[in-house]
Structures are given as C-alpha cells and as structure tokens.
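Participant: First the structure, which I've put down as structure tokens, then a few questions once you've had a look.
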Amino acid sequence: MPRKRKLLAELSALQRSSSIPPSDALENLNTTPDGDSSPKSSKYFATEKKKSFQLEADFFSQPCISLAKSFLGQILVRRLPDGRELWGRIVETEAYLGGEDEASHSKGGKQTQRNAAMFMKPGTLYVYQIYGIYFCVNVSSQGEGAAVLLRSLEPLRGLDAMRELRGAARKGPAKPLKDWQLCNGPSKLCQAFGIDKAFDQRDLTQDAAIWMVPGHELPGEQDVVATTRIGVGNRGEWSHKPLRFYLRGNKFVSVVDKKIEREMAVRGPSPCS
C-alpha cells in the first residue's frame, strides 16, 4: 500500500507539471511529416478525438447554393472500423437544387427510394452509384430535394489509409497515387474515404463514422470560383448555370475553369473584399 500511494502521488505531481505539452502538441505527435495521422505515438500521449467542435445541424440548414459555398474549407472526417481517422478539406462542390433543376435527381420534386435522402433533414448523406461501380456522396440542404455534391477534397490526415482504400478499388498493378490524386473527384473521394451505399441516409451530425469539423482557413468570396457543373449532359440552361464552386488555385480540385479564373484575375478583388 505505501508503494501504491507513492506512485499515485508521483502521477499527480506529473499531471500538474507544466512540462506536459498542450493538446495541440499531443496531436502533433500523431502526425507524420507527410500529413498522415496513423497512430504511431506512445499510448501515454494518445488523446481521444473530441467531436464537440463538429459542425451541427444549424450549419447544414442553409439554402443549397449557400451550403455548397459554405462547405469550401470545412473538413470531412471519416473514422474507419480499425479506429484510424481520415481528414480532408473540402475544395470543390456542386449544388443540385431539386424542383426545376433538370440536372438534379429530384427534378420536378419526384421522390423515389433511391433519392429519399435528398428530402430528409439538412445534413443527411445521399449516396448513389454511377456506372454500377462508383459512388458519389451528397449532403442534403434546405429546399425540397436539394443537396450538395462533394466533388473534391484536399487530404490532410490518414493519407496512407486513403492510398490503401484507393488501391483496393483499382484493377491490377498501378503506380502509387500522388497526394493530389487521392480525392480529386467525387468517386475518388468516396473510394479514399471508404464511403459506399451503406452511408446513404446517415446524419452527419449524429454518425460515429463520418462527420464534419470547421476548417481553420475559410476562403473569402474572391477565393471561390463559380462555374458550370461537370457531367450533367444536355440539360438546357441548367447545363450552363454556375453551380459548381471550388477554391481558386487549389491543386486538389478535379477540373479547373481557366477562362473563369482569367476573368476573375482581370476584374481583381471587389471593393468590399
């Protein structure tokens, strides 16, 4: 018993000591130089990721276009079954307004078993499959049948795990993917984050495996490019509406609109920016 009391006293003194690094420093111990945060540090310095700072329901409850822009710079977090976490900064989105939007899966207000998540409360994931192989992930917003497609992420943590997941989805031997190739497209994003149909209709504010946290460097209006959506086909005027948004100059964006960026450069910053 005396020995036990002595150990407890020493531990208490250690916890009060100013030599214990702050939480930011503890987090840095888990981060490798390439941005990978796979657990590599001592268990004595492990810190449980808190979700107290995650984006809540009021953030997602915005009109579709507003939400698509507000997503830029925010961080998508995915916790894998083995406990590893993947973090990616959202750098490209597309707005699908429902109703009269001819490119939307919910055009005309038509609700089906497939697109039911688009009509659920803001912050609900809508995951659908294309070409019978790949998945795309959207987030519902305000508006009947409106949702935002997440097109591209800038990988921040867990890059090794992302490469594993992307590699498992690729056929045959292939060269290792560069960082900018991991999530620069909606289907690549889903592969890298292990998102499939099982995530359809999940709530980003409640789910233990996927959520969002605020970004530290949010863009200004002058940093956001608004241009046409990708792959919507012939949908009349809706094929040409500027409903795709991305971070100007970010190398992780899937498709850059050089013409729009040149026009922005000529105009320069607005007087209010």
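The values are calculated or read from the model by the stated rules, or taken from the named source; none is laboratory data. The structure presented is a predicted model; accordingly, all values stated were derived computationally and were not measured. In this analysis, Cβ positions are derived from the backbone assuming ideal geometry, glycine residues included, and neighbour counts consider all displayed protein chains. Just the protein is used for accessible areas: all its heavy atoms, side chains included, with ligands, DNA and RNA removed. Shrake-Rupley method; radii C 1.70, N 1.55, O 1.52, S 1.80 Å.
Participant: Can you give me the long-range amide H partners of Gln201? Hydrogens built in the peptide plane at 1.01 Å from N, cutoff under 5 Å, separation of 5 or more residues or another chain.
Facilitator: Amide H to amide H, under 5 Å and 5 or more residues apart or across chains, Gln201 pairs with Leu125, Tyr126, Val127.
Participant: Just the accessible area per residue of the range 57-267, please: how many Å² with a 1.4 Å probe?
Facilitator: For the range 57-267, the per-residue accessible area is 46 Å².
Participant: Suppose R0 equals 22 Å; then what is the FRET efficiency for Ser61 and Gln111 from their Cβ-Cβ distance, rounded to the nearest 0.05?
Facilitator: 0.65
Participant: Pull out the extension gain between Val255 and Gln222, defined as 0.36 nm times the separation in residues minus the alpha carbon to alpha carbon distance; nm, one decimal.
Facilitator: Roughly 10.0 nm would be gained on extension.
Participant: Let me ask something additional. How many percent of all Cα-Cα pairs in the range 159-236 sit more than 17 Å apart?
Facilitator: It works out to 65 percent of all Cα pairs.
Participant: Could you pull out every residue, at least 5 positions away or on a different chain, whose amide H is within less than 5 Å of the one on Leu156? Hs are placed 1.01 Å off N in the peptide plane, and Pro or chain starts have none.
Facilitator: Hits under the 5 Å cutoff: Trp87, Gly88, Arg89.
Participant: Fully extended, how many nm does the chain gain between Trp180 and His240 (0.36 nm per residue separation, minus their Cα-Cα distance)?
Facilitator: This chain segment gains 18.9 nm when fully extended.
Participant: Kirkwood Rh over Cα pairs of the range 57-267 into Stokes-Einstein at 20 °C, 1.002 mPa s: D in µm²/s?
Facilitator: The estimated diffusion coefficient comes to 124 µm²/s.
Participant: Whole Å is fine, so just give me how far the alpha carbon centre of the range 190-229 lies from that of the range 73-88.
Facilitator: Each part reduced to its Cα centre gives a spacing of 11 Å.
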